[in-house]
Every structure is written in C-alpha cells, then in structure tokens.
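Pasting a structure below so you can have a look.
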Amino acid sequence: MAERIQKVLARAGYGSRRLIESWIKDGKLLVNGVAATLGDQISEKDRVTLEGRPLSSKRIWQQSMPQVLLYHKPVGEVCTRSDPEGRRTIYQSLPVPEEGRWVSVGRLDLNTSGLIILTTDGELANQLMHPSNEMDREYAVRVLGEVTSEMMQTLRDGVELEDGKAHFSDIQPGGGEGANTWFHVVIQEGRNREVRRLWESQGVQVSRLVRLRYGPVIMPNKLKPGRWMMLEGKELEYLYEEAGLKAKATKRGVPAEKISGKKEAPAPVEKEKAAKSTKWPDKSAKAAKKTAPRSAGSDTSPSKRGPRIRGRSDR
C-alpha cells in the first residue's frame, strides 16, 4: 500500500516529518530517479535516494520495534547534533540506536535542564510535537522578583509577545521564598524561550528552569542529569496511545507485562542502577485532580514530583 514519503521515512527513523519535507523542498530526495514533491506516495517497489545515496528498502519497510528513551538534559548542553562553538550536545550522552537515528521531541535551551524524549520513530515524534495534539509541557521555575496574584492571573489570561500571544495553561506556587521561590507552570506549545519570556513580561527574572513533564511522561525521580533510560512494555504502548498511534512497542513473542527492567545509561564513566519505572498519569481520570504543591523550602532544587497540572489524559 502506498503512503506519503515523509510519513514512511519518518516512521523508519530517518528524521522528523518537518526535516524530510525540507529534503523534498530542497530536491534532495529522489523516487525512481525523479525529484520527489510534497504529497508523493511510495510503495515497496519504489527506489528512494537521498542526496544520491540509495536508502535501504529493508529499513524503510520492515516493521521493527522503535526505541524511545528519556534523557535528563543538564544545563550547558545543546540539543543540536553538532555545535560550531564546540559545546557538548545531548547526542554525545546517548547510546547508538539499534536502527535509524534519534529524533528529539522538542528542544530545551542551553540554560534549561530536564526531560527530553527521544525516539527512532519520526512519526511518533511528529505526533507528540504537533500543535493540534496540545501536549502539556510542565516546568518547575525558580524566579527572582515579587510575584503577585494579579501577575499570575495575567500569565494565565495571556501576554502579547513579539511572536504572538502566549499564556500558561496553569500556574501554581511551588514553595520557597526570596531568591528561592518556585512555581510550576504548564504550556502547550514549544516556542523559543517561551516560559522565560512570559515571566520577563512581568518584570520577573527566571534563575532556574527545569522541565518535569512532557505530555503523559513524568521525569522519574531517579533519573539524574546526563543520564537516560529506555521506555519499554506498557509504558511505551501507553505513550503511543496518547499520541494517537498504534503501538509497535511489544517485543516479539513477549507479552508487554513480562518485559523486564528499563535500561538506564551508564554515567559518563561508571554504571548505576536502573532508574525506577516512570509514573504515568491515571488514564481513567476524567478531570484534573489538583494536589497541593510540595514546598521547596530552603532547598535549591524543585521537587520533580511537584503538582501534577492537567495531564493530557485528563482532557
């Protein structure tokens, strides 16, 4: 059965749909010797080349199990594959995928830490990032400056930024005081420095920013900066379900509930024990159940398990 070329190649792990569409626009992709155009469909009998290099039909069409991992990005790493300034990239900390290449689900800027999801399934990445799916991004934010209830309401209602109106879909105090005051905020899009710019619009400076959740995925407490862990079994199936895709996540011949432990990255030098299982939102929840935020107290770090604010499965 013929399918759109960007969908097929994204699913095979060659890149995101957006990247593949850029290859098509730039004339880099040929189908049977003819430059591909947006909307073209391909089947198993077609020959596809990228910049003169034939793409493996076996890789394009085989239904291999995709890989998905969670990475705790530390401050100081960039999310590009290479950096002209020689800064460390997140990809230097990741394992080599079994097939294809890692596609990141969104990015975090240099000075932001926290959860990044990466996958070899470009179609999954596209679904998780697509604005129509309104995936929550929850952050813990440490701010410098007084924050009033009026300012919080303004940030909920929306602020006109240079690239359009933006708002927090929710905002809750996270504890602390003075220079160690924390908030938990949720946005549903991924514009550049959006969280920081929203706070700056109120004259408040962000001194630390940590992403805790993306869609249904909550960063595990035991996942330390610079480390990764694989998703497998029911958690991976649930992620596909939330993205509106059919899961391809079960190991051949092994029931999902029998898949054993998630693999966690070794430290840059030494191994550590596997991180605990990701805690998923309750799929049966019909409405958000607000919980009191944990106080940050005098600690300089936020609670990674701060208030759960409207998971996507609640809507």
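Among GLU162, GLU241, which comes first, then next, by fewest other beta-carbon atoms within 10 Å?
Details: GLU162 5, GLU241 15.
Ascending number of Cβ neighbours within 10 Å: GLU162, GLU241.
Here's something else I'd like to know. Could you pull out the pairs from LYS25/LYS58; LYS45/LYS246; LYS7/LYS246 whose alpha carbons sit more than 20 Å apart here? Write down the numbers at each step before the final one.
Numbers: LYS25/LYS58 25 Å; LYS45/LYS246 25 Å; LYS7/LYS246 14 Å.
Over 20 Å Cα-Cα: LYS25/LYS58; LYS45/LYS246.
Something else about it: List the GluC sites (Glu not before Pro) within segment 10-94 that fall in a DSSP loop (any state other than H, G, I, E or B) and whose Cβ has at most 16 other Cβ atoms within 10 Å. Please list the in-between numbers first.
Numbers: sites: GLU21, GLU44, GLU51, GLU77, GLU85; in loops: GLU44, GLU51, GLU77, GLU85.
When the GluC sites (Glu not before Pro) of segment 10-94 are filtered for loop state and at most 16 Cβ neighbours within 10 Å, GLU44, GLU51, GLU85 remain.
Give the value in nm², to one decimal: projected area of the alpha carbon convex hull of segment 3-61, averaged over all directions. If you can, show how the numbers build up before the last one.
Details: hull surface 13.1 nm².
That works out to 3.3 nm², a quarter of the Cα hull's surface.
What residue among LEU198, GLY164, LEU209 has its Cα farthest toward the positive end of the dipole of segment 161-209, where the charges are +1 on Lys, Arg and -1 on Asp, Glu, each on the Cβ?
About the Cα centre, the residue reaching furthest to the positive side is LEU209.
Something else about it: Extending each Cα 7 Å along its Cβ direction at GLU189 and LYS7, get the distance between those two points in nm, one decimal.
It is 2.6 nm.
Shifting gears a bit: Work out, step by step, the length gained on full extension between TRP61 and GLN205: first 0.36 nm times the residue separation, then minus their alpha carbon distance; give nm to one decimal.
Numbers: separation 144, 0.36 × 144 = 51.84 nm, distance 4.93 nm.
Length difference between fully extended and current span is 46.9 nm.
With charges only on Cβ, +1 for K and R and -1 for D and E, what is the dipole size of segment 3-61 about its Cα centre, in debye, rounded to 20?
So the magnitude is around 180 debye.
Read the figures in this text as sums done on the coordinates, not as results from a lab. These numbers come from a predicted model, not from an experiment. As a convention, Cβ positions derive from the backbone with ideal geometry for all residues, glycine included, and neighbour counts pool all protein chains shown.
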